[in-house]
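The next block holds one structure in the form of structure tokens; read it before the comments.
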Amino acid sequence: MRAFHRSNTRGCAADLARTRLLIEIPVDIPGQPSSVLVARGALENLASILTMRAGTKLPRRALLCFDRNCTAHAQQAARVLRAAGVVVTEFGLHATEDAKSAAVVETIWDAALAARLDRGDCFIAIGGGIVGDLVGFAAATYLRGVRVVQIPTTLLSMVDAAIGGKTGINRTLPEGGLGKNLVGAFWQPSITIVDANTLRTLPKRELRSGLAECVKHGLIADATLFHDIARDANELVNNHEPSIDRLLPRAIVVKTAIVARDPLERGERAKLNLGHTFGHAIETIPTASGKLLHGEAVAIGLVSAAAAARAMQMLSAHEETNITNALTSCGLPRSFQGETSAAEVMRRMGFDKKAEGGSLKLILPKGIGACEIVENPPPEVVLEALRAIGIA
């Protein structure tokens with residue numbers, strides 16, 4: 001990891017000298033170059049970063065869309081940009097799953113039109129994954145595509161949602177219930193700026209939620225990362241800054257490497273959905289909707305995926321226990337607390353984006369640090385996976 005950082009870290013101008021942990025991780029997609037800049041204090045140097053990293057000059061205008069819970073961060077970004085001569089329009093959003101809708105995207109388009117944004121301007125998203133998905137989709141479709149800058153303020157969005165260009169909104173399923181991210185587009189951000197100082201205002205539950213994605217990344221491609229998270233869980237859930245600073249680039253690199261190899265999710269990138277087929281289905285169950293954070297649903301989904309892998313002899317009992325124990329150490333749930341049935345969860349799983357030709361695909365761990373795409377898993381394996389999280 002240190003060698004990667006030496007070879008991929010680029011120098012910054014003198015006015016970025018106050019930042020800490022200055023690391024730039026490229027996302028090498030042909031024709032769509034992007035990068036993730038990890039730097040404490042980056043927000044106060046936003047104008048300089050955009051000038052150097054996201055183009056040869058600052059945009060003339062910017063639509064700064066933000067989660068209303070992140071108003072202070074948005075105001076800081078707006079002050080910095082205005083001081084550099086950018087005309088900034090601020091647009092606050094309520095970041096809920098219900099807000100991930102076509103109606104809310106229309107309000108973003110309307111705000112951009114009212115601000116007279118053209119193709120030389122940009123959208124800026126400040127907040128967690130919901131805001132990033134909404135604003136990214138609006139940017140992908142406004143004037144057939146304008147630049148978007150992602151500034152994630154949650155751990156989950158820093159290591160996952162704000163990276164890789166997936167954007168989208170939710171839609172109601174034909175027989176009821178919410179389908180997550182069923183309408184969207186791939187639209188790479190010009191840059192993703194990760195300033196871990198923003199985590200200082202993040203509720204502890206949200207921080208724990210983000211650790212689920214970090215555990216997932218370790219399970220997918222980095223066994224050492226997985227074991228280090230389990231070892232350092234207490235420090236991480238308490239936002240111990242040196243521990244967070246070590247975690248961020250390692251978790252980010254897992255995603256950027258996979259995205260660069262498969263930007264449109266035609267194959268390997270589907271592995272990043274480990275835990276999500278189960279997690280997305282239970283996240284939208286009415287008795288859980290609004291109660292489970294996304295990362296908590298992913299954690300429960302990882303327990304299900306581990307149980308399915310164990311049933312298919314891809315994972316040992318000891319490894320399955322290590323996974324559930326790591327999630328528990330991070331303060332994450334390991335079972336579903338609500339009223340539903342296996343049949344209802346399986347119905348919702350059938351609408352998952354990874355289902356093709358009417359067949360279900362599961363991403364399952366194959367030991368610690370590797371995973372596999374399993375098509376058409378036996379129904380009894382899915383049922384065993386659901387029983388492992390208390391759903392029968």
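The values are calculated or read from the model by the stated rules, or taken from the named source; none is laboratory data. Because the structure is a prediction, the values reported are computed rather than measured. Note that each Cβ is placed from the backbone with ideal geometry, even for glycine, and that neighbours are counted across all protein chains shown.
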- Considering every residue within segment 247-263, establish whether at least one is touching a residue at least 12 places away in the same chain (Cβ under 8 Å) and outside any helix (DSSP H, G or I). yes
- Message: For a quick check of your reading of the model, give me the residue pairs whose first member lies in segment 326-351 and is over 22 Å from residue 174 (Cβ atoms), whose second is surrounded by fewer than 16 Cβ atoms within 10 Å (Cβ to Cβ) and at pLDDT 95 or above, with beta-carbon atoms closer than 7 Å and at least 6 apart or on different chains.
- Response: 334/328; 335/390; 336/390
- Condition met for residue 281 (surrounded by 24 or more Cβ atoms within 10 Å (Cβ to Cβ), touching a residue at least 24 places away in the same chain (Cβ under 8 Å) and either more than 21 Å from the chain's Cα centre (by Cα) or not assigned by TED's automatic domain parsing to the domain that holds residue 211 (or both)): no
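Under 17 Å from residue 275 (Cβ atoms), part of a loop (DSSP other than H, G, I, E, B) and touching a residue at least 60 places away in the same chain (Cβ under 8 Å): does that describe residue 386?
So residue 386 does not fit the description; no.
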- Item | Residues (β-branched (Val, Ile, Thr) and closer than 20 Å to residue 366 by Cα) located in segment 216-252 | 220, 224, 229
- Task: Run residue 105 past the list (1) hydrophobic (A, V, I, L, M, F, W, C); (2) touching a Pro at 6+ places or on another chain (Cβ under 9 Å); (3) at pLDDT 95 or above; (4) within 22 Å of residue 142 (Cα to Cα) and report the number of the one that doesn't hold.
- Result: (2)
- Message: Need the failing condition index for residue 203 against (1) at pLDDT 95 or above; (2) more than 13 Å from the chain's Cα centre (by Cα); (3) closer than 30 Å to residue 315 by Cβ, just the number.
- Response: (3)
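Give me the strands (runs of 3 or more DSSP E) completely within segment 67-176, filtered to those with at least 1 residues that are acidic (Asp, Glu), ordered by residue number.
87-93
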- Restricting attention to segment 203-214, does a residue exist that is without any contact (Cβ under 8 Å) to a residue 12 or more places away in the chain and either on the phi < 0 side of the Ramachandran plot or assigned to a helix (DSSP H, G or I) (or both)? yes
- Test residue 235 against the stated conditions and say whether it is buried (at least 22 other Cβ atoms within 10 Å of the Cβ) and either assigned to a loop (DSSP other than H, G, I, E, B) or not assigned by TED's automatic domain parsing to the domain that holds residue 159 (or both). no
- Task: Just give me the residues in segment 265-288 being on the phi < 0 side of the Ramachandran plot, modelled with pLDDT of 95 or more and assigned to a loop (DSSP other than H, G, I, E, B), in sequence order.
- Result: 274
- Among the residues of segment 211-219, is any buried (at least 24 other Cβ atoms within 10 Å of the Cβ), at pLDDT 95 or above, of a type in the set (D, E, K, R) and within 24 Å of residue 292 (Cα to Cα)? yes
